[in-house]
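The next block holds one structure in the form of structure tokens; read it before the comments.
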């Protein structure tokens, strides 16, 4: 049986960052990465960016690590394989080709999958979601001949894909189930700024729109809405969230996902991921988790959260890697996510949920094209922000969150869009 | 002609003399900021700008460039040779 000191399940940003960190600290310990994709690390971020899709960025830019990187760093890449069983007592992983691998330290960084879209007709050809390189290639091929696209969902993917479809020359309709874009994380004013920018670029937006059926023959010919409206299209892109991958191999026969008190020896999971502490350690000895699948204890928010993006995955991989080589380090990081398109930039920093007991301070206004909402918790500390065309303040906001700066006496200054937030860092 | 911004670096003992940000490639993922917040910030167009080219050591600077998911950060040595991406 093959044995590795460090075994990593998942070859994306988190897993690769962990392997890189481990190798920096332990030059000799054997490392292997198991990936269900048969590619070295690529930039999942680039997949939804118009410049890449439209060929303005050479395709080869997608590769973040070449085969030589794995060879040079003595990292064994086992691609195109999935895990079918895990025995955490004997420390053995079984793959779908029946091969068994033993480990000393294990990292689970499988990532997540796109939420399946199950409505009548959703098995027709011409329906896409975006997660993997293969998904991206399929969409790139489809836009060469498609004329009319419908995007489903109002998150980052919906925003970026609608922009892309329009730039590719397709007549594009965006369908939102909500009253406005990104409800309820954004307020209606921020949502309207985004909708205005999308509309101005020629994208048609339909709100409170629920698709009841995909119509057509073998191929998509349109969608039928609940109110009876039919929209013609020859391709559909769904951006309706993510779900965990198949984790049956996590000995969950005894502990289904979401079991609040896992029986001894089984993983503590939520319905959305694997529970970890602030060191990204699971409840099982010598097993860590990182990236989109990890529901970790956030030290700044003091609660368990799950957050899927490139930067978070990379940082978590690094922290898990340090733990695996015995340099236990807490993960303390102000998460953020940004995007831009149709002439507008959008950013979320920290915890941007508008919980009822939170105070929201506004900076700028939709009229001036620059609008920010700063969220303050009951302790008077800044916990998060949403920004439209104000990404320039993201770093400062992150530092204010990280330093737990009490801003109760500064709310007037904060609501002045010309006040330099950096001044609060020195107080 | 790509839309780039150049930043000179003159840190003692450093082999890197210039940081270049390709603004067409930059998408504001901000992974570089996560690695080296002392070096970079975003502007209001969601593009990275260098605020201090001399603060961190070469290893950290290279790590920050490597972290970029669009390879928008290019590093050059004193002879003008590209150090990253290789």
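What single numbered condition from (1) part of a helix (DSSP H, G or I); (2) surrounded by fewer than 22 Cβ atoms within 10 Å (Cβ to Cβ); (3) modelled with pLDDT of 90 or more fails to hold for residue A:409?
(3)
Strands (runs of 3 or more DSSP E) wholly in region A:329-390 with at least 1 residues that are more than 22 Å from the chain's Cα centre (by Cα) and either closer than 24 Å to residue A:304 by Cβ or within 12 Å of chain B (Cβ to nearest Cβ) (or both) - which ones?
Numbers: elements: A:336-341, A:344-350, A:359-365, A:370-376, A:382-388.
Per the criteria, A:359-365, A:370-376, A:382-388.
When you go through A:107, A:54, A:47 one by one, which is the residue that is crowded, with 20+ Cβ neighbours inside 10 Å and at pLDDT below 95?
Result: A:47 is the single residue among A:107, A:54, A:47 that is crowded, with 20+ Cβ neighbours inside 10 Å and at pLDDT below 95.
Among the strands (runs of 3 or more DSSP E) lying completely within chain B, list those that include at least 2 residues that are in contact with a helix residue (DSSP H, G or I) (Cβ under 6 Å, 6 or more places away or on another chain) and within 14 Å of chain A (Cβ to nearest Cβ).
B:40-42
Taking residue A:8, is it within 12 Å of residue A:103 (Cβ to Cβ) and crowded, with 24+ Cβ neighbours inside 10 Å?
Answer is yes for this residue.
Residues checked against (1) surrounded by fewer than 24 Cβ atoms within 10 Å (Cβ to Cβ); (2) within 30 Å of residue A:149 (Cα to Cα); (3) at pLDDT 95 or above; (4) more than 14 Å from chain B (Cβ to nearest Cβ):
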| site | (1), (2), (3), (4) |
| --- | --- |
| A:237 | no, yes, yes, yes |
| A:279 | yes, no, yes, yes |
| A:293 | no, no, yes, yes |
| A:317 | no, no, yes, no |
| A:326 | yes, no, yes, yes |
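Which numbered condition in (1) touching a strand residue (DSSP E or B) at 6+ places or on another chain (Cβ under 6 Å); (2) more than 12 Å from chain B (Cβ to nearest Cβ) is the only one that residue A:26 fails?
(1)
Out of region A:197-254, which residues are in contact with a strand residue (DSSP E or B) (Cβ under 7 Å, 6 or more places away or on another chain), touching a residue at least 40 places away in the same chain (Cβ under 8 Å), part of a loop (DSSP other than H, G, I, E, B) and farther than 24 Å from residue A:343 by Cα?
Within region A:197-254, A:218, A:233, A:234, A:245, A:249, A:250, A:251 qualify.
Output the number of the condition that residue A:393 fails; it satisfies all remaining conditions of (1) surrounded by 22 or more Cβ atoms within 10 Å (Cβ to Cβ); (2) touching a residue at least 40 places away in the same chain (Cβ under 8 Å); (3) out of contact with any strand residue (DSSP E or B) (no Cβ under 6 Å at 6 or more places or on another chain).
Every condition holds for residue A:393 apart from (2).
Residues that are surrounded by fewer than 23 Cβ atoms within 10 Å (Cβ to Cβ), part of a loop (DSSP other than H, G, I, E, B), touching a strand residue (DSSP E or B) at 6+ places or on another chain (Cβ under 7 Å) and at pLDDT 90 or above: does region A:416-424 have at least one?
Yes, region A:416-424 contains a residue that is surrounded by fewer than 23 Cβ atoms within 10 Å (Cβ to Cβ), part of a loop (DSSP other than H, G, I, E, B), touching a strand residue (DSSP E or B) at 6+ places or on another chain (Cβ under 7 Å) and at pLDDT 90 or above.
Kindly provide the set of residues from region A:306-328 that are within 14 Å of the chain's Cα centre (by Cα) and either without any contact (Cβ under 8 Å) to a residue 24 or more places away in the chain or within 20 Å of residue A:64 (Cβ to Cβ) (or both), ordered by number.
A:308, A:309, A:310, A:311, A:312, A:313, A:314, A:315, A:316
Looking only at region A:29-74, how many residues end up being assigned to a loop (DSSP other than H, G, I, E, B), in contact (Cβ under 8 Å) with a residue 40 or more places away in the chain and more than 10 Å from every other protein chain (Cβ to nearest Cβ)?
Final tally of qualifying residues: 9.
Determine if region A:263-278 includes at least one residue that is within 20 Å of residue B:70 (Cα to Cα) and within 18 Å of the chain's Cα centre (by Cα).
Taking every residue of region A:263-278 in turn, none turns out to be within 20 Å of residue B:70 (Cα to Cα) and within 18 Å of the chain's Cα centre (by Cα).
Out of all the residues in region A:262-275, which are farther than 22 Å from residue A:352 by Cα and crowded, with 21+ Cβ neighbours inside 10 Å?
A:267, A:269, A:274
The values are calculated or read from the model by the stated rules, or taken from the named source; none is laboratory data. The shown structure was predicted, so the numbers you read here are calculated from the model rather than taken from an experiment. Glycine also receives a Cβ, built like all others from the backbone with ideal geometry; neighbour counts cover every protein chain displayed.
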